[in-house]
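Enquirer: The structure is given below, and queries will be raised subsequently.
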Amino acid sequence: MPCLNLSTNVNLEGIDTSSFLSEATSAVAKIIGKPEAYVMIVLKGSVPMAFGGTEQPAAYGELVSIGGLNAEVNKKLSAAVAELLETKLSVPKSRFFLKFYDTKANQSQENAQCLHALHQS
């Protein structure tokens with residue numbers, strides 16, 4: 001299940017976040033080659049953030065996927081997410097950073113079981 005977690009210092013009030021989430025879901029699914037039903041997008045706005053020493057609009061993201069990531073895919077994902085951030089949130093492409101994690105299925109399952117056990121306590 002790919003999960004794209006985005007944080008930005010842009011205030012999301014008045015932004016059509018549903019459209020952003022829908023377009024991001026579609027882009028991630030298409031580029032990674034996984035069904036949209038398995039893609040999760042998290043968007044957090046108004047996060048205190050400085051990039052390059054200024055607080056101008058910026059964003060940071062992490063994408064975790066069980067397989068499907070490689071240098072070519074990562075480049076396409078970065079470009080697609082940067083385009084969305086620029087067109088929907090006015091975050092310049094030069095003020096965005098995306099980190100990729102390609103995890104193994106058993107690692108995600110172990111983490112999920114651990115978290116489930118914590119919530120049962």
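The values are calculated or read from the model by the stated rules, or taken from the named source; none is laboratory data. Only a predicted model underlies this, so the values are computations on that prediction, with no experimental measurement involved. Positions of Cβ are backbone-derived with ideal geometry, glycine not excepted, and every protein chain shown enters the neighbour counts. Please note that ligands, DNA and RNA were not included when accessible areas were found on the heavy atoms of the full protein model with its side chains. Shrake-Rupley method; radii C 1.70, N 1.55, O 1.52, S 1.80 Å.
Enquirer: Name the single residue, out of those in region 38-69 being in contact (Cβ under 8 Å) with a residue 12 or more places away in the chain, on the phi < 0 side of the Ramachandran plot and of a type in the set (S, T, N, Q), that is least open to solvent (accessible area, probe 1.4 Å).
Expert: Per the criteria, the residue is S65.
Enquirer: Next question, about the same structure. State all residues of region 70-121 that are modelled with pLDDT under 95 and open to solvent by less than 70 Å² (accessible area, probe 1.4 Å); if no residue qualifies, say none.
Expert: Selection gives T103, A105, S108, A112, A117.
Enquirer: Restricting to region 14-37, what's the tally of residues that are open to solvent by 50 Å² or more (accessible area, probe 1.4 Å) and more than 18 Å from T87 (Cβ to Cβ)?
Expert: Going through region 14-37 one residue at a time, the tally reaches 5.
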